[in-house]
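See structure below.
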Amino acid sequence: MTAPETTLINVESNHYPPLLLRHPNNPILTRAHWPYSINSVFNAGATLLQDGTTLLLCRIEDRRGLSHLCAAHSVNGVDNWQIDREPTLMPNPKDYPEEIWGIEDPRITFVPELQQYAITYTSYSRGGPGVSLALTKDFRNFERYGVIMPPDDKDSALLPRRINGYWALIHRPMTPLGAHMWISYSPDLRHWGRHRLMLEARRGAWWDANKIGLSPPPIETERGWLVLYHGVRHTPSGCLYRLGLALFDLENPETCLLRGDSWIFGPEADYERNGDVNDVVFPCGYTMDRDGDTVNIYYGAADCSIALARSSVRSLLSWLDANGTNDHSRRAGDV
Ligand code: BMA
C-alpha cells in the first residue's frame, strides 16, 4: 500500500514564513531585573542613543495598578541592562491632571530638526486614555506638552520629520466609526488639525476586525513608511493581540500603498501566552542596526515582560509585495 498523499507534502511549503525571529534570551527584561519593587515591566519605547547604546523606556506597573516610565540602557540591546534606580518619568497629576491614573506605552521618535527625542505616551485620565507628548535630550529632563489628543485616544507616534511643512502624528481615536488609525498635522506640535483616517480595522471574522492601532513608530524606507500595527481579536477567552504590516506613501502618509491580509506575528511562546493579560504581543519600539536592514523589535509580552524579535526591512517589504493589496473594499474587510 502506498502512503497517503498528504505525507508527501513538503511541510515547509505549508508554513507561513517566520518574518520576526524571537531572540533566544527572551524574555529579555522582567520584574526580577528591577532595582525597585514593581508588579510588571512591558510595552517599551526604544531608541539608539548617540553613542550607539540602546535605550528602552519601559512601562512599569506598580501594585496599585498605575504605570510610570523607567529607562534601561544596554550596549548590545540584548543583555546587561543598566536600569535607572528610580522611576525616570512619573505621572504628575498635580500639573497634568490627565495623568491621574498613570502614564503608559511610550513611543520614541528622534527628531533631527529639534535634536530631541519626542515621546508620545498614553495618559490615563478620568475621561479615559489620551495622547500626551514630552520632549527630551537626555531622558533625564523632560519638557511636557500635556495632552495633544484628548480621550479616548492612544497608540500614537510622531513622524521624525515634517511632511509638507507640518509635523505628523499617527494615533488611534475611538470614534463612532470604530477604532481606526488616524493621522493629524501640526505647525508647532501643540495645535493639531487636518485629521485623516489612515488605516481602518477590518470587520467580521478578520484577525484585525474592529480594533487596530500603531505599534512602534513607522520605519522610513525608500519605498514608504513601513508600519507594524496591532489588531485585536475579541474571543470568548479574551482579547488576542497580533501584528500586521502596511506601507504608506512617504510624502502623503495617509495614503496606504499596500496592506497585508494575514497577521505576521502573534502570541506563541509561553511568556506571550501567559501573564497578567494572556495572549498579547505589543511592540512600542524598534532600533535599526548599522546595516540599515536589521530591525530589533521590542515588545511587551502578556503585559508582564519585554521580549525582542528581529526582522529585516527587505524581507518585510518582499512579504508585502507578495501578500499586500491596496484594494479599498478589502480595507473595510467586506471580502
Ligand atoms: C491595550 C494597551 C496595552 C496593553 C494591551 C493588553 O489596550 O492598553 O497597554 O498591553 O491593551 O492589555
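We did not get these values from a lab; they are worked out from the coordinates using the rules stated. Note that this is a predicted model, so its numbers are computed, not measured. Note: ideal-geometry Cβ built from the backbone for every residue, glycine included; neighbour counts use all protein chains shown.
Take every pair of alpha-carbon atoms less than 8 Å apart whose residues are at least six positions apart; their mean separation over the length of the chain yields a relative contact order of 16 percent.
Here the label points at D51 and T221, each 7 Å from Cα along the C-beta direction, are separated by 3.3 nm in the simple model. Across the range 53-65, rounded Karplus estimates of 3J(HN,Hα) from the backbone phi angles (6.51 cos²θ - 1.76 cosθ + 1.60, θ = phi - 60°) give 6, 8, 10, 10, 9, 8, 7, 10, 9, 8, 7, 7, x Hz, Gly and Pro being marked x.
With the highest mean first, a sort of the peptides 204-211, 159-166 on other beta-carbon atoms found within 10 angstrom per residue produces 204-211, 159-166. With each label modelled as a point 7 angstrom along the Cα→C-beta vector, the S262-E86 pair spans 5.1 nm. Counting charges near G275 (Lys, Arg +1; Asp, Glu -1) among other residues having Cβ under 12 Å from its Cβ returns a value of -4. Going Cα to Cα from K94, which aspartates and glutamates come in below 17 Å? Please leave out same-chain ones fewer than 8 positions away. Within reach: E143.
Two decimals is fine: what is log10 I(q)/I(0) at q = 0.14, 0.15 Å⁻¹ for the chain, from a Debye sum with one equal scatterer on every Cα and no solvent? Once normalised to I(0) and log-transformed, intensities are -1.12, -1.31.
The Cα atoms of the range 256-303 cover 34, 28, 16 Å along the three principal axes, with the biggest extent listed first.
The aspartates and glutamates within cross-link reach of K154, meaning a Cα-to-Cα straight distance under 16 Å and a gap of 8 or more places when in the same chain, are E98, E99, E104, D105, E200.
When each of the peptides 227-234, 76-83 is scored by the mean number of other C-beta atoms lying within 10 Å of its residues, the order from highest to lowest reads 227-234, 76-83. The calculated FRET efficiency for D188 paired with Y36, based on their beta-carbon distance and R0 = 25 Å, is about 0.10.
Per-residue Karplus couplings for the range 127-139, computed as 6.51 cos²θ - 1.76 cosθ + 1.60 with θ equal to phi - 60°, are listed in order as x, x, x, x, 9, 10, 10, 9, 10, 8, 9, 9, 6 Hz, Gly and Pro entered as x. What trypsin sites (Lys or Arg not before Pro) in the range 37-66 are in a loop by DSSP, with at most 13 other Cβ atoms within 10 Å of the Cβ? Here the sparse-neighbourhood loop sites are R63, R64.
Dipole orientation for the chain: of the candidates M149, P218, P97, P97 has the Cα lying most toward the positive pole (charges on Cβ; Lys, Arg +1; Asp, Glu -1). For D321 and R273, the difference between the fully extended length at 0.36 nm per residue and the C-alpha to C-alpha distance is 14.3 nm. Summary of packing: across the peptides 144-150, 212-218, the per-residue average of other C-beta atoms within 10 Å ranks them, highest first, as 212-218, 144-150. Per residue, the Cα convex hull of the range 144-206 amounts to 98 Å³.
When its C-alpha radius of gyration is set against 2.2 N^0.38 Å (N residues), the range 45-109 gives a value of 1.21.
Near A71, once Lys and Arg are set to +1 and Asp and Glu to -1 for all other residues with Cβ below 14 Å from its Cβ, the sum equals +1. Using every pair of separate Cα atoms, the Kirkwood estimate puts the hydrodynamic radius of the range 85-193 at 14.1 angstrom.
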